[in-house]
Amino acid sequence: MNDLFEMAPLIDPSTVTMRGLLEGARPARNDDENKWSIAHRSRPQLYELFSRFAIELIHAGRQRSSGRMILHRVRWETSLVMPDINTATGEVLKVSDHHSPYLSRLFMEDSPEYEGFFRLKKVKVTNPAYGAWPEDETIETKLVIG
């Protein structure tokens, strides 16, 4: 086994994905990622919109885009164009701009044919429960690709 993964024996390397987080196979790396996973579980329609708008950009010929730009469109759509999405519970859906990196990663995991559409930065690991995973390109590549 690779030394990199021996440092955190409680985390299976194949679960170092956004789906792994959502399915409870790994802890969140930081507070923002934890907040995103909670928000995603309670409001999956936001991710559905994010994915739909990303696909629209791809079909329009864009080779790359910004998750933040798409997230701002989701905000626009949920507040003005699709106000009914907010009325199921009577509350307004709030969308944190800190969630765009996680939405971008999940989109590329779910749609591997669009890998690389979003440029990703490393995610800071501040949660001690995550283990002793170093912030290194191998982890980021594994997170994005696999």
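Note on segment 41-61: residues that are in contact (Cβ under 8 Å) with a residue 40 or more places away in the chain and either within 16 Å of residue 98 (Cα to Cα) or surrounded by fewer than 12 Cβ atoms within 10 Å (Cβ to Cβ) (or both) total 4.
Sub-9 Å Cβ pairs linking a first residue in segment 95-123 that is closer than 16 Å to residue 22 by Cα to a second residue that is surrounded by fewer than 12 Cβ atoms within 10 Å (Cβ to Cβ) and β-branched (Val, Ile, Thr), at least 6 apart or interchain, number zero.
Applying the selection to segment 78-132, what residues are among the hydrophobic types (A, V, I, L, M, F, W, C) and at pLDDT 65 or above? Correct list: 95, 103, 106, 107, 108, 117, 118, 120, 123, 125, 129. Inside segment 101-119, residues that are surrounded by fewer than 17 Cβ atoms within 10 Å (Cβ to Cβ) and among the polar types (S, T, N, Q) make up a count of 1.
The values are calculated or read from the model by the stated rules, or taken from the named source; none is laboratory data. Nothing here was measured: the structure is a model prediction, and the numbers come from that model. No Cβ is skipped: glycine too gets one built from the backbone with ideal geometry, and neighbour counts run over all protein chains shown.
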